[in-house]
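The structure appears below as structure tokens.
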Amino acid sequence: MSATEDLHELTDKALLARHTTPGDDGRAFGELFRRHRDRMYAVALRTTADPELAADCVQEAFISAFRRAGAYRGEAAVTTWLHRIVVNACLDRLRSPQVLRRAGDLAEVDLAAEGDRPEQVTTRILVHSALAALPEAQRVALVLVDMEGLSVTEAAEILQVAEGTVKSRCSRGRQALVAELARRGWPPDPEGTE
């Protein structure tokens, strides 16, 4: 590929193939990083409920992907492969004894999208904190399927479990999330009565 060719036009698989070619200058992987870093950070943030930990996990995951790109077999989409690496990095860090989890302490998390009304921000913070309180397996399944919009098949591939396991984790996770939200007083009474 000449220096004048536009990497933006290449598919993810073509970029990864280019990256593993001897003599690659790193621009191909840089383009993959540019395309997917925000989505991978969103997955990590929802999985860890900690912005700094999420950023560390994404960094570790992309370094791992950079180094292990030759192991990519092409059977799954590159995004599925990246999701798996990010989720594994998150789970490894969450299971580490050095990680001090602060589930529910979201004072540092900026969950407000530009233009959100205060009640939208409150709801977003409430859902995020309730999600953080769920068991890890249920939380990760819900993040991938319900929040990231992946299919059950893709989530099963990322988590390396059976599709039925993902469905079960999502079902139990949704029930637990509803119960956790209710425990936290959501949704509010529309009439303002107790």
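Consider PRO97 carefully, then state whether it is out of contact with any Lys or Arg (no Cβ under 7 Å at 6 or more places or on another chain), modelled with pLDDT of 85 or more, surrounded by fewer than 19 Cβ atoms within 10 Å (Cβ to Cβ) and not assigned by TED's automatic domain parsing to the domain that holds ALA179. So PRO97 does not fit the description; no. Checking each residue in segment 157-179 for being closer than 27 Å to TYR72 by Cα, at pLDDT below 95 and either in the same structural domain as THR80 (by TED's automatic domain parsing) or in a helix (DSSP H, G or I) (or both) picks out GLU157, ILE158, LEU159.
Condition check for HIS83 on (1) modelled with pLDDT under 90; (2) within 21 Å of GLU154 (Cα to Cα); (3) not polar (S, T, N, Q): one failure, at (1). If you scan segment 67-83, which residues turn out to be assigned to a helix (DSSP H, G or I) and in contact (Cβ under 8 Å) with a residue 40 or more places away in the chain? Selection gives ALA69, GLY70, VAL78, THR79, THR80, LEU82, HIS83.
Could you list, in sequence order, all residues of segment 1-29 that are free of Cβ contacts under 8 Å to residues at least 12 places away in the same chain and touching a His at 6+ places or on another chain (Cβ under 9 Å)? GLY26, the sole residue that qualifies.
Residues in segment 30-66 that are outside any loop (DSSP other than H, G, I, E, B), out of contact with any Cys (no Cβ under 7 Å at 6 or more places or on another chain), small (Gly, Ala, Ser) and crowded, with 18+ Cβ neighbours inside 10 Å: how many? The qualifying residues number 3.
The values are calculated or read from the model by the stated rules, or taken from the named source; none is laboratory data. Since the model is a prediction, treat every value here as computed from it, not as a measurement. Because the Cβ atoms are built from the backbone with ideal geometry, glycine has one as well, and the counts that use them run over all protein chains shown.
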